[in-house]
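Heads up: the structure comes next, in structure tokens.
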């Protein structure tokens, strides 16, 4: 009887462990953190480096950060990629619809940064890519140049790589609007909970320096599809030739749990000029 009871308890323990390991299994390659302290982009998967580099000129934490240079008279399309979850290059555990995705990082536009004629300036992009590594949905953190405010853009793409549409409604909705401050590191956090396919029950939230500025619910993040977030891009992309200055990124985190907890103040940098 005793042996039988012990056997039953052992089976229950194994089943329980198996259940919880599956229930809390993290998406492939997550959590990811890049502080650039290696002095390179070795933690990232690829992209066109161009005028992007890792330098020790300034950092929000540690010594190094990523730097992108935009020069008046030229365009720019330089970026670094990180693949995770069910991206075809990874082929692993996908981001959970229930847990969603958290992305946080520190961003900075150096003093004197001059925006060009474009109304939108990109900072970071979260892609939902298909089995052919083609973007189908994007949540993009931008600066709305006319006002300087941070805003999230929601784009949809076709399988042939053509642009389909922009879905409005992810801009800041908690006053006052958070505006980009030149010459200072600022902390960004984004939460995306994909909707159940065919339902408008997704969630997208944006915090700036620890303060919730966009709280969007009932969002059809991926409409009636099953695509999930699986790629992060940081970079500088400008099509006009008037943008001029230095843009920076540091302390990048991608996770399926909140990476920050409570962080009420932006990072400090005693070396900032």
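The values are calculated or read from the model by the stated rules, or taken from the named source; none is laboratory data. Being a predicted model, the structure only gives us computed values, none of them experimental. Backbone-built Cβ (ideal geometry, glycine too); neighbour counts: all protein chains shown.
The table below gives the values:
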quantity	calculated
Residue 188 vs. criteria crowded, with 16+ Cβ neighbours inside 10 Å, in contact with a strand residue (DSSP E or B) (Cβ under 9 Å, 6 or more places away or on another chain) and within 22 Å of residue 78 (Cβ to Cβ)	yes
Those strands (runs of 3 or more DSSP E) lying entirely in segment 148-222 with at least 3 residues under 22 Å from residue 132 (Cα atoms)	149-157, 163-166
Failed condition for residue 142, given (1) at pLDDT 95 or above; (2) over 20 Å from the mean Cα position of the chain (by Cα)	(2)
Flag for residue 117 being at pLDDT 95 or above, surrounded by fewer than 21 Cβ atoms within 10 Å (Cβ to Cβ) and not in a strand (DSSP E or B)	no
Hey, residue 245 over 20 Å from the mean Cα position of the chain (by Cα), modelled with pLDDT of 95 or more and assigned to a strand (DSSP E or B) or not	yes
Residue list for segment 38-47, filter: in a loop (DSSP other than H, G, I, E, B), closer than 20 Å to residue 84 by Cβ and free of Cβ contacts under 8 Å to residues at least 40 places away in the same chain	38, 40, 41, 42, 43, 44
Leading residue by the ranking (surrounded by the fewest Cβ atoms within 10 Å (Cβ to Cβ)) among those in segment 90-103 that are under 22 Å from residue 46 (Cβ atoms) and touching a strand residue (DSSP E or B) at 6+ places or on another chain (Cβ under 7 Å)	90
Members of segment 46-64 that are over 21 Å from residue 259 (Cα atoms) and modelled with pLDDT of 95 or more	52, 53, 54, 55, 56, 57, 58
